Structure formats: C-alpha cells, structure tokens
Amino acid sequence: MEVIKVSAKSRFTSVAGAITGVMREVGRAEVQAIGAGAVNQAVKAVAIARNYLQQDGIDAICIPHFAEVCIDNQERTSIKLLVEKR
C-alpha cells in the first residue's frame, strides 16, 4: 500500500481526494505527516474524506500511531493515520 505523505503546505482538500480514491480502490489508506502543521492538514483531510466516503455508504475510521522514518540519514518521528472501513 502506498503511503500518502502530507506536509504543512499540502492542500487538505487534495489530500482528502487522494484518501477517498485510495479507500474506494483498496479499502484502506495510510497517511504520513511529520510536524504539527502537517498533522493538522492530515487530520482535516481525513475528516473531509470521511464525509466523502459516507456519501458512498462507507463508514471510515482513523487509527493514529507513531512511526520512525529516516530522512537524510536522520531518524524522525512521524504520525501515521491508518484510514479503513469500520
């Protein structure tokens, strides 16, 4: 499964569309964000995607967890949001 990466500059409506598309195709999506601004955009995107999916009769839930990622040979902590059907 491909990870949807979100930055503080990401448009949450675009991210919501990506989440919705992946959910319709695969049934689950994984969103990754590093930093407070990115997490803010990711959470807003999940909320909007959930509304889009409800129109299709899909009840989506979000399970957050921490993950370690390596960026430029440096360990960083990210927030990963797993979105899946209830």
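The values are calculated or read from the model by the stated rules, or taken from the named source; none is laboratory data. Quick caveat, the model's predicted, so the values are computed rather than measured. Cβ placement follows ideal geometry from the backbone for every residue including glycine, while neighbour counts extend to all protein chains displayed. Surface accessibility is based on the protein's heavy atoms, side chains included, excluding ligands, DNA and RNA. Shrake-Rupley method; radii C 1.70, N 1.55, O 1.52, S 1.80 Å.
Evaluate the following for ILE4: is it in contact (Cβ under 8 Å) with a residue 60 or more places away in the chain, open to solvent by less than 70 Å² (accessible area, probe 1.4 Å) and under 10 Å from the mean Cα position of the chain (by Cα)? Break it down stepwise before answering.
Numbers: in contact (Cβ under 8 Å) with a residue 60 or more places away in the chain: no; open to solvent by less than 70 Å² (accessible area, probe 1.4 Å): yes; under 10 Å from the mean Cα position of the chain (by Cα): yes.
For ILE4, the condition - in contact (Cβ under 8 Å) with a residue 60 or more places away in the chain, open to solvent by less than 70 Å² (accessible area, probe 1.4 Å) and under 10 Å from the mean Cα position of the chain (by Cα) - is not met.
What pairs can you find where one residue is in the range 45-72 and more than 15 Å from GLU25 (Cα to Cα) and without any contact (Cβ under 8 Å) to a residue 12 or more places away in the chain, the other is outside any helix (DSSP H, G or I) and open to solvent by 60 Å² or more (accessible area, probe 1.4 Å), and their Cβ atoms are less than 8 Å apart, with a gap of 6+ or different chains? Filtered contacts from the range 45-72: GLU68/GLU75; GLU68/ARG76; GLU68/THR77; CYS70/ARG76. Residues in the range 24-50 that are open to solvent by less than 80 Å² (accessible area, probe 1.4 Å) and either on the phi > 0 side of the Ramachandran plot or modelled with pLDDT under 95 (or both): GLY27, GLY35.
Considering (1) in a helix (DSSP H, G or I); (2) out of contact with any Phe, Trp or Tyr (no Cβ under 9 Å at 6 or more places or on another chain); (3) open to solvent by 30 Å² or more (accessible area, probe 1.4 Å), the lone condition that LEU53 does not fulfil carries the number (3). Screening GLY21 on (1) loosely packed, with under 14 Cβ neighbours inside 10 Å; (2) free of Cβ contacts under 8 Å to residues at least 24 places away in the same chain; (3) among the small types (Gly, Ala, Ser) shows it passes everything except condition (1).
For the range 64-78, the count of residues that are buried (at least 17 other Cβ atoms within 10 Å of the Cβ), within 11 Å of the chain's Cα centre (by Cα) and either on the phi < 0 side of the Ramachandran plot or part of a strand (DSSP E or B) (or both) is zero.
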